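Undergrad: Questions regarding the structure given below will be posed in turn.
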Amino acid sequence: MNTLIIKILKALPRAIKDPKRAIELFRRRVFPFGLTPKDSEAYRIASWSYGDLPRVNFKSISKDPKVNTLTLLNVFDRTDDLSIDILELTYLISLIKIYKAQNILEIGTWDGNTTLNIAANLDEQGKIVTVDLPPDSKGDFSLETPDMLKNLTDRHQLGIQYKKTKFESKIKQVYGDSAAIDWKTLGGPFDLIFIDGCHAFNYVKSDTENALSVLREGGTMVWHDYGMIKDVGLYLDQLAKKLNIVVLRGTRIALATSLSKKEIQESLKYSQNSIKE
Ligand SMILES: C[S@@+](CC[C@H](N)C(=O)[O-])C[C@H]1O[C@@H](n2cnc3c(N)ncnc32)[C@H](O)[C@@H]1O
């Protein structure tokens, strides 16, 4: 039976007991106009409205989504506007555990908090390669990029959160423009690739194509800022015609898991013809 109908049937006895409250809850749910969220988080999440992909529950992405222990480091030293948020971090690390990913690639290091947390959750032999523009970058982008989407971060903070920690040996920092570096030299094939660099259409497309060319068969692709940045949605909605991409509810994370060789090759070919519409 439809889950909505089941929910309504379950709620019915309580609604009969207190119809006034039931009507009020129903009105707030169906007609939220005029309600002022008291929590600024509600505004933040409400703005993640670009893109047409289904938003799914994390538990639905795997037959065995059980994760027992996660290590979370420096969680209150994160910059929400620049880093993924704590729920997104929790899901990203859980994905790594569920799919037993050991060789990870991250595009977009920023201060390295996410890099640190990924490294802290890998097995002994696991490693992560993370790419960002060079420390002396003046913000030149090799692909044509609207100024609004040039997101060069403070160069003094690059990777500072993982440097001098016991996890630094698991991390390889690569400096360069993601569209100009040679991805073949990064140390693939990778089990999981997290794309969170420049979010302009050209870059999401280029990063994705490069990523698909160094992704291991059976590997997982993860993109950040779906729903929040229009270009990410414009590109991924097209790619989703070839690839089963879903978005995790309550987050800006889009992902495609367990990609077969055929899916990798076909989506790569498909992507090469995609244009910003
Ligand atoms: C949103 S931040 C990454 C956040 C990080 N993944 C986290 O969760 O903490 C994006 C980063 O991508 C870098 N970046 C932007 N354009 C880039 C490019 N063309 N090549 C490589 N890195 C780029 C920026 O300097 C910035 O540090």
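Just so it is clear, none of the values below were taken in a lab; they were calculated from the coordinates. Owing to the predicted nature of the structure, the values given are computational and were not obtained by experimental measurement. Cβ coordinates were reconstructed from backbone atoms using ideal geometry, including for glycine residues, and neighbour counts include every protein chain displayed.
Undergrad: Which residue pairs have Cβ atoms closer than 9 Å, lie 6 or more positions apart in sequence or on different chains, and pair a first residue in the range 182-198 that is free of Cβ contacts under 8 Å to residues at least 40 places away in the same chain with a second residue that is outside any loop (DSSP other than H, G, I, E, B) and crowded, with 24+ Cβ neighbours inside 10 Å?
TA: Between residues of the range 182-198 that are free of Cβ contacts under 8 Å to residues at least 40 places away in the same chain and residues that are outside any loop (DSSP other than H, G, I, E, B) and crowded, with 24+ Cβ neighbours inside 10 Å, the close pairs are W183/L105; W183/A211.
Undergrad: Can you find even one residue in the range 129-140 that is of a type in the set (S, T, N, Q) and either under 17 Å from T251 (Cα atoms) or loosely packed, with under 12 Cβ neighbours inside 10 Å (or both)?
TA: Within the range 129-140, none of the residues are of a type in the set (S, T, N, Q) and either under 17 Å from T251 (Cα atoms) or loosely packed, with under 12 Cβ neighbours inside 10 Å (or both).
Undergrad: Only one of L89, L152, L158, L116 is surrounded by fewer than 15 Cβ atoms within 10 Å (Cβ to Cβ) and within 12 Å of the ligand (Cβ to nearest atom); which?
TA: Working: L89 fails: surrounded by fewer than 15 Cβ atoms within 10 Å (Cβ to Cβ); L158 fails: surrounded by fewer than 15 Cβ atoms within 10 Å (Cβ to Cβ); L116 fails: surrounded by fewer than 15 Cβ atoms within 10 Å (Cβ to Cβ).
From the options L89, L152, L158, L116, the qualifying one is L152.
Undergrad: Let me ask something else about it. Mind listing whichever residues of the range 92-113 are part of a loop (DSSP other than H, G, I, E, B), charged (D, E, K, R) and more than 7 Å from the ligand (Cβ to nearest atom)?
TA: If the condition is that a residue be part of a loop (DSSP other than H, G, I, E, B), charged (D, E, K, R) and more than 7 Å from the ligand (Cβ to nearest atom), then K100 is the only one that fits.
Undergrad: Being closer than 29 Å to T90 by Cβ and of a type in the set (K, R), is that true of even one residue in the range 256-270? Steps first, answer last, please.
TA: The initial filter retains those residues of the range 256-270 that are closer than 29 Å to T90 by Cβ, namely 256-260, 263-264, 267.
Remaining after also requiring of a type in the set (K, R): none.
No, the range 256-270 has no match at all.
Undergrad: Look through D123, D182 and report the one residue that is of a type in the set (D, E, K, R), more than 8 Å from the ligand (Cβ to nearest atom) and under 23 Å from L89 (Cβ atoms).
TA: Residue meeting the stated conditions: D123.
Undergrad: Please return the ranges of helices (runs of 4 or more DSSP H) entirely within the range 1-82 where 2 or more residues are of a type in the set (G, A, S). Explain how you work it out, then say what you get.
TA: Working: elements: 3-17, 19-30, 40-46.
In the range 1-82, 3-17, 40-46 are the helices (runs of 4 or more DSSP H) which contain 2 or more residues that are of a type in the set (G, A, S).
Undergrad: Looking at the range 69-86, which of its residues are polar (S, T, N, Q) and within 14 Å of the ligand (Cβ to nearest atom)?
TA: Listed by number, the residues that qualify are N74, T79, S83.
Undergrad: Residue check: is D225 of a type outside the set (K, R) and either within 9 Å of the ligand (Cβ to nearest atom) or in a helix (DSSP H, G or I) (or both)?
TA: yes
Undergrad: Okay, moving on. Here is a check on your reading of the model: is Q173 surrounded by 16 or more Cβ atoms within 10 Å (Cβ to Cβ) and more than 8 Å from the ligand (Cβ to nearest atom)?
TA: The answer is yes for Q173.
Undergrad: Residues in the range 228-241 that are more than 12 Å from I253 (Cα to Cα), aliphatic (A, V, I, L, M) and part of a loop (DSSP other than H, G, I, E, B): how many?
TA: 1
Undergrad: Under 7 Å between Cβ atoms, at least 6 apart or on separate chains: pull out the pairs that start in the range 69-95 with a residue that is closer than 17 Å to A119 by Cβ and in contact (Cβ under 8 Å) with a residue 12 or more places away in the chain and end on any residue that is within 10 Å of the ligand (Cβ to nearest atom) and β-branched (V, I, T).
TA: S83/T114; I84/T114; L89/T114; L92/I84; I93/I118
Undergrad: Could you please let me know if K150 is over 26 Å from F201 (Cα atoms) and among the charged types (D, E, K, R)?
TA: no
Undergrad: Let me ask something else. Looking at the range 162-178, I want the residues that are within 14 Å of T114 (Cα to Cα) and have a partner that is assigned to a strand (DSSP E or B) with Cβ atoms under 6 Å, at least 6 apart or on another chain. Which pairs are those?
TA: Y162/I171; K170/K127; I171/I128; K172/V129; Q173/T130
Undergrad: Is it true that P13 is loosely packed, with under 10 Cβ neighbours inside 10 Å and without any contact (Cβ under 8 Å) to a residue 12 or more places away in the chain?
TA: Criteria met by P13.
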